[in-house]
Amino acid sequence: MSAQIIELNGVPTFAVVPVAEWNALLARLEEVQDITDAKAARDDESFPAEFADRLLSGESPLRVWRDYRGLTLQSLAEACGVTRQMLSMIEHGKARPSADLLGKLADALDCDMDDLHG
């Protein structure tokens with residue numbers, strides 16, 4: 001790469017490169033970003049069709065996530081500092097979790113709070 005270095009008060013301050021080299025550099029950076037994005041997407045969690053089917057059928061997202069993570073009502077309740085009965089009421093649509101509890105549930109289930117909305 002041929003760059004002209006411009007100094008200000010004896011300190012390198014700017015680099016001037018030919019437009020063709022600049023465009024080639026940008027193209028390489030975009031390619032590196034595409035590779036990084038593809039690797040990140042590959043590392044994202046995937047879910048079985050049954051999981052998606054249960055959510056699409058209208059089943060309680062809390063219950064679907066809890067079952068998927070292999071947690072009992074009791075173990076999830078203990079992790080979140082609430083009663084098993086409270087979680088059961090939330091799963092059956094008889095109670096709504098506070099924002100604080102929703103955050104604790106999402107943390108315990110390793111999902112986003114939005115994933116738990118019915």
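The values are calculated or read from the model by the stated rules, or taken from the named source; none is laboratory data. Note that the structure is predicted; figures quoted are calculated from it, not measured. FYI the Cβ positions are ideal-geometry reconstructions off the backbone, even for glycines, and counts take in every protein chain you see.
Can Glu91 be described as at pLDDT 95 or above and touching a Ser or Thr at 6+ places or on another chain (Cβ under 9 Å)?
On the way: at pLDDT 95 or above: yes; touching a Ser or Thr at 6+ places or on another chain (Cβ under 9 Å): yes.
Yes, satisfied.
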Condition broken by Thr13, with the remaining ones in (1) under 30 Å from Arg96 (Cα atoms); (2) hydroxyl-bearing (Ser, Thr, Tyr); (3) not assigned by TED's automatic domain parsing to the domain that holds Ala108 satisfied: (1)
Some residue of the range 41-62 being over 30 Å from Ser2 (Cα atoms) and touching a Leu at 6+ places or on another chain (Cβ under 7 Å): yes
